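The values are calculated or read from the model by the stated rules, or taken from the named source; none is laboratory data. No experiment lies behind these values; they were computed from the predicted model shown. FYI the Cβ positions are ideal-geometry reconstructions off the backbone, even for glycines, and counts take in every protein chain you see. When the accessible area is computed, the model is the full protein with side chains, heavy atoms only, and any ligands, DNA or RNA have been set aside. Shrake-Rupley method; radii C 1.70, N 1.55, O 1.52, S 1.80 Å.
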Number of protein chains: 2
Amino acid sequence: MKPHLETTDFDLSTFLPYLLNRAAEASSLEFQQYYRETYSMLRTEWRVLFHLWQYGNMTAKEICVRAGLHKTKVSRAIVALEQKRFIKRDKMAHDRRNELLSLTASGRKASIDLTQAAARFDASLVADFTPEEQVVLRSCLQKLSGI
Amino acid sequence: MKPHLETTDFDLSTFLPYLLNRAAEASSLEFQQYYRETYSMLRTEWRVLFHLWQYGNMTAKEICVRAGLHKTKVSRAIVALEQKRFIKRDKMAHDRRNELLSLTASGRKASIDLTQAAARFDASLVADFTPEEQVVLRSCLQKLSGI
DNA sequence: GATTGTTAGTTACATTAGAGACTAATATCA
DNA sequence: TGATATTAGTCTCTAATGTAACTAACAATC
């Protein structure tokens, strides 16, 4: 059986969700290896840590909204980060359902290290792209992400 | 604690692996819903089916290489697709370790339907982008994917 | 032609993710 | 005040994934 391009001019190698998935997986690999090996973190844990680092103390719920993550995923990441002593949580006085999350000293240290590693890694990913391409790429991705 | 942008000018909302992951998840959602509900397929199953449709009969190993998927994932997808009667497999005479995969009539039918749905969906994703942006986006993603 | 190595594909086990039920705290409003 | 509804976060059960060990077929070398 030969390829069936005659049905439509559709081509898998230009299908956006496919490309995005492959690019996401390929580009995550190296950095993921770093935070896994160095801090035994999962992807969601690093995202949660990073949100606290970059946007300041907040509740699990706020992280869900900002990061676009399901609350069970965030809940589990918080437990793991707390066990690693990277964050602590405090019930908020005026509404004891909310827990304010904040970084510990070692959480801040890890955040700094990971931020720097991420910045270097990001630069290496786009090293072959022109500045214009980089701008277009990031802005298209932001639109697609709904950020 | 306030944001700590002074440490570096790194910003999560421009970090490529993060953007790629969010864009990939967001853009997969709608199409995924279609093939899940209509054909009870998982993502890997649709990818395997589509590789056979677009590139012709091949072995599981070839699909692994072309699609960048692990052999266990492909193996499980093949079992599932076979149970749904979308593909069949035949041991190759000259080397009975290889199994040549091919589409059944209903596999072809599903492929056509999914291809058309994918094409429409892809068009809707990039509807807000200029033709130039679309070209840059896809070519950057292909490079990042190693395609 | 027995041993050793390699390759295609599967299986088994452990890890991670997802969906929905659940608990505790607060809010609403009759 | 008491009944009902919401909300933040956790727990439980199941589905999906990743890793590594495994089987079967073939290849190569002594």
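Annotations for the structure displayed:
- Search result, residues across the stretch B:115-132 that are open to solvent by less than 40 Å² (accessible area, probe 1.4 Å) and within 7 Å of chain A (Cβ to nearest Cβ): B:Thr115, B:Ala118, B:Ala119, B:Asp122, B:Leu125, B:Val126, B:Phe129
- Candidates A:Phe86, A:Phe121, A:Phe129, filtered to the one that is aromatic (Phe, Trp, Tyr), farther than 30 Å from B:Leu69 by Cβ and in contact with a helix residue (DSSP H, G or I) (Cβ under 8 Å, 6 or more places away or on another chain): A:Phe86
- If you filter the stretch A:48-62 down to residues that are hydrophobic (A, V, I, L, M, F, W, C) and within 16 Å of DNA strand C (Cβ to nearest atom), you find that the one that is nearest to the other protein chains (Cβ to nearest Cβ) is A:Phe50.
- Residue satisfying all of: in the stretch A:1-29; more than 7 Å from chain B (Cβ to nearest Cβ) and more than 31 Å from the chain's Cα centre (by Cα); modelled with the lowest pLDDT among these: A:Leu5
- Condition met for A:Ala93 (free of Cβ contacts under 8 Å to residues at least 60 places away in the same chain and either at negative phi or within 16 Å of DNA strand C (Cβ to nearest atom) (or both)): yes
- Where A:Thr72 falls short, out of the listed (1) modelled with pLDDT of 95 or more; (2) within 11 Å of chain B (Cβ to nearest Cβ): (2)
- Residue in the stretch B:126-146 that is more than 16 Å from DNA strand C (Cβ to nearest atom), closer than 26 Å to B:Thr38 by Cα and of a type outside the set (Val, Ile, Thr) present: yes
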